1. Among 118, 154, which is more than 19 Å from the chain's Cα centre (by Cα) and closer than 25 Å to residue 333 by Cα?
2. Does region 323-341 contain any residue that is touching a residue at least 60 places away in the same chain (Cβ under 8 Å), of a type in the set (Val, Ile, Thr), touching a helix residue (DSSP H, G or I) at 6+ places or on another chain (Cβ under 6 Å) and in a loop (DSSP other than H, G, I, E, B)?
3. May I ask you to say which residue of 297, 305 is among the aliphatic types (A, V, I, L, M) and either closer than 30 Å to residue 190 by Cα or at pLDDT below 95 (or both)?
4. Could you check residue 238 against (1) surrounded by 17 or more Cβ atoms within 10 Å (Cβ to Cβ); (2) over 24 Å from the mean Cα position of the chain (by Cα) and say which number it fails?
5. What's the total number of residues in region 186-209 that are out of contact with any Asp or Glu (no Cβ under 6 Å at 6 or more places or on another chain) and open to solvent by less than 10 Å² (accessible area, probe 1.4 Å)?
6. Which ones in region 56-84 are β-branched (Val, Ile, Thr), open to solvent by less than 60 Å² (accessible area, probe 1.4 Å), over 13 Å from residue 287 (Cα atoms) and not in a loop (DSSP other than H, G, I, E, B)?
7. Here is a check on your reading of the model: is residue 126 under 13 Å from residue 270 (Cα atoms), open to solvent by 10 Å² or more (accessible area, probe 1.4 Å), modelled with pLDDT of 95 or more and not aromatic (Phe, Trp, Tyr)?
8. If I ask for residues that are open to solvent by 70 Å² or more (accessible area, probe 1.4 Å) and modelled with pLDDT of 95 or more, which ones from region 85-111 would you list?
Amino acid sequence: MKNLSAKKMLALALCGAMALTGLTGCGGSGESASDSGNKNQLYVYNWGEYIDPETIDLFEEETGITVIYDEYDTNETMYPKVAAGAYSYDVICPSDYMVQKMIDNDLLQELNWDNIPNAKANIGQQYYDSANEFDPGNKYCVPYCWGTVGILYNKTMVDDPVTSWSILWNEKYTDNILMQDSVRDAFMVALKMNGYSMNTMDTAEIEKAAADLTAQRPMVQAYVIDEVRDKMIAGEAALGVIYSGEAIYTQRENPDLEYVIPEEGSNVWIDGWVIPKNAQNVENAEKFINFMCRPEIALMNFDFITYSTPNDAARELIEDEAIKNSEIAFPDLTQYNNLETFHYLGEEGDEMYNEYWKQVRSQ
């Protein structure tokens with residue numbers, strides 16, 4: 001069992017109970033989305049622990065629609081399942097570059113904004129402006145969460161200034177470093193450290209990043225995803241690459257932890273709701289997205305998952321001024337240099353990065 005907060009443990013227990021009674025699945029529905037099409041059902045595919053289960057209950061109670069809810073751990077495990085067409089999910093929550101990939105491969109349908117008025121009324125324009133990078137014209141994606149990627153460090157275990165990605169190559173912290181088990185995130189760290197774009201297609205730059213990641217490998221305690229949060233809270237590592245939303249949660253659990261966006265720049269990401277082209281319950285999907293964009297519902301999700309909400313109306317409802325004005329949750333991005341959003345680099349880019357990543361991990 002992961003080191004979750006009591007609230008999350010209770011919510012997951014409730015999910016398990018609901019799955020046993022056949023009401024909804026949290027991480028494995030048991031009913032294939034390929035069998036969808038029932039006007040009273042909705043098939044949702046989302047990241048693990050990325051929604052307050054109570055909001056799903058409220059949606060079901062209000063609409064009479066049963067939500068069948070599946071989870072994935074990375075964009076790369078989600079995409080082939082959807083691309084194969086064997087599963088007809090109605091709503092998915094991919095990240096920026098994956099939204100772009102799904103658009104390019106004709107896997108998404110354009111949204112009918114008239115049917116999701118809360119999305120236009122409550123999501124800040126600045127987030128649509130950012131999303132325009134990967135969703136030109138804002139035709140396919142409603143921003144759900146956003147944030148940055150940085151270094152989380154334990155003040156009792158690190159006595160050097162944490163200002164640069166290069167500290168993750170300091171031999172002093174060998175076996176106390178946690179890296180993301182994600183090809184794009186790992187390469188982002190090395191590319192940014194060298195002053196390169198994280199969207200580079202320059203072979204020499206990618207080779208340099210791969211060489212640095214290979215040199216770093218003996219110093220790395222583990223390549224992780226969600227586990228970085230739990231290990232840092234428990235004091236099992238000194239430094240870890242982490243998403244800002246996870247950093248907020250870890251600081252609540254362990255006050256010795258600090259979060260930094262390195263001076264070389266980082267990734268500013270957006271995850272958003274999309275409707276696949278083969279969705280069988282489009283009207284229900286629109287109702288779901290519209291419901292999730294209500295201020296009070298968006299606030300519930302922010303409180304539960306601690307990832308920054310692009311819902312300006314929800315942010316106004318936050319009562320804790322420290323959180324409402326948190327530099328981690330809602331940073332002034334104009335303070336930082338060289339911030340970027342991941343782009344989909346095409347099949348050639350995927351193959352190149354994946355091949356170099358395999359070499360790094362096989363050493």
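1. On the way: 118 fails: closer than 25 Å to residue 333 by Cα.
Just one listed residue meets the conditions, 154.
2. Among the residues of region 323-341, at least one is touching a residue at least 60 places away in the same chain (Cβ under 8 Å), of a type in the set (Val, Ile, Thr), touching a helix residue (DSSP H, G or I) at 6+ places or on another chain (Cβ under 6 Å) and in a loop (DSSP other than H, G, I, E, B), which makes the answer yes.
3. Exactly one of 297, 305 is among the aliphatic types (A, V, I, L, M) and either closer than 30 Å to residue 190 by Cα or at pLDDT below 95 (or both), namely 305.
4. Among (1) surrounded by 17 or more Cβ atoms within 10 Å (Cβ to Cβ); (2) over 24 Å from the mean Cα position of the chain (by Cα), the lone unmet condition for residue 238 is (2).
5. Of the residues in that region, 7 qualify.
6. Within region 56-84, the subset β-branched (Val, Ile, Thr) is 56, 63, 65-68, 74, 77, 82.
Keeping just the survivors that are open to solvent by less than 60 Å² (accessible area, probe 1.4 Å) gives 56, 63, 65-68, 74, 82.
Among the residues that remain, those that are also over 13 Å from residue 287 (Cα atoms) are: 68, 74, 82.
Of everything in region 56-84, those that are β-branched (Val, Ile, Thr), open to solvent by less than 60 Å² (accessible area, probe 1.4 Å), over 13 Å from residue 287 (Cα atoms) and not in a loop (DSSP other than H, G, I, E, B) turn out to be 68, 82.
7. Values: under 13 Å from residue 270 (Cα atoms): yes; open to solvent by 10 Å² or more (accessible area, probe 1.4 Å): yes; modelled with pLDDT of 95 or more: no; not aromatic (Phe, Trp, Tyr): yes.
Answer is no for this residue.
8. Of the residues in region 85-111, the ones open to solvent by 70 Å² or more (accessible area, probe 1.4 Å) are 87, 104, 106, 110.
104, 106, 110 - these are the residues of region 85-111 that are open to solvent by 70 Å² or more (accessible area, probe 1.4 Å) and modelled with pLDDT of 95 or more.
The values are calculated or read from the model by the stated rules, or taken from the named source; none is laboratory data. Remember, predicted model here, so these are calculated numbers, not experimental data. All Cβ positions, even for glycine, are placed from backbone atoms using ideal geometry, and neighbour counts span all protein chains on display. For the accessible areas, the whole protein counts, side chains as well, though only heavy atoms, and no ligand, DNA or RNA atoms are used. Shrake-Rupley method; radii C 1.70, N 1.55, O 1.52, S 1.80 Å.
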